[in-house]
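The values are calculated or read from the model by the stated rules, or taken from the named source; none is laboratory data. Computed from a predicted model, the values in this text were never measured in an experiment. Here Cβ is always computed from backbone atoms with ideal geometry, including for glycine, and neighbour counts include all displayed protein chains.
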Amino acid sequence: MEITLNLIGERLKEMRKALGMLQEDVAKHLGVNQNAISRIENGSGGGITILLKLINYYSNFFEVGHILSPKFEVIQISDTTGPMESVAIERLKLWQREFSGEIGKIIHLLQVK
């Protein structure tokens, strides 16, 4: 997997959307122009300063250390746990949503005999 500006921009956009924020909201928090956020998210520029501001801002809400990882996930930080526990909890929640329907089907099949 090749790390590109487009890929980083897409991941930052995922984080913003997970917070339910608009580009204008994030720009206001960072004291920058909305166009700068748009350029970063689209991979068309914006500058390293804006990129670092975004990463620092999102680190208040997410585990951003894996933003360059091939196995990127948007994982929110929990107020009640440490970073590792938070990652584990969020992954378990993702798996729960992903497999809950499948588990329900298996239970139904086992009960219908």
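Here are the numbers for this structure:
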{"item": "Which numbered condition GLU63 fails, given (1) modelled with pLDDT of 90 or more; (2) of a type in the set (D, E, K, R); (3) in contact with a helix residue (DSSP H, G or I) (Cβ under 7 Å, 6 or more places away or on another chain)", "result": "(1)"}
{"item": "Any hit, the range 48-56, residues being modelled with pLDDT of 90 or more and of a type in the set (D, E, K, R)", "result": "yes"}
{"item": "Matching residues, the range 1-19, being under 15 Å from ILE48 (Cα atoms) and of a type in the set (Gly, Ala, Ser)", "result": "GLY9"}
{"item": "Members of the range 1-17 that are exposed (fewer than 14 other Cβ atoms within 10 Å of the Cβ) and among the hydrophobic types (A, V, I, L, M, F, W, C)", "result": "MET1, ILE3"}
{"item": "Neighbours by Cβ (under 6 Å, 6+ apart or cross-chain): first from the range 48-69, more than 17 Å from ASN35 (Cβ to Cβ) and free of Cβ contacts under 8 Å to residues at least 60 places away in the same chain; second of a type in the set (Ser, Thr, Tyr) and crowded, with 16+ Cβ neighbours inside 10 Å", "result": "VAL64/TYR58"}
{"item": "Pairs where the first residue, in the range 15-43, is on the phi > 0 side of the Ramachandran plot and assigned to a loop (DSSP other than H, G, I, E, B) and the second is at pLDDT below 95 and surrounded by 14 or more Cβ atoms within 10 Å (Cβ to Cβ), C-beta under 9 Å, 6+ apart", "result": "GLY31/LYS53; GLY43/LEU5; GLY43/LEU7; GLY43/ILE8; GLY43/GLY9; GLY43/GLU10"}
{"item": "Conditions (1) at pLDDT 90 or above; (2) surrounded by 13 or more Cβ atoms within 10 Å (Cβ to Cβ): number failed by ILE75", "result": "(1)"}
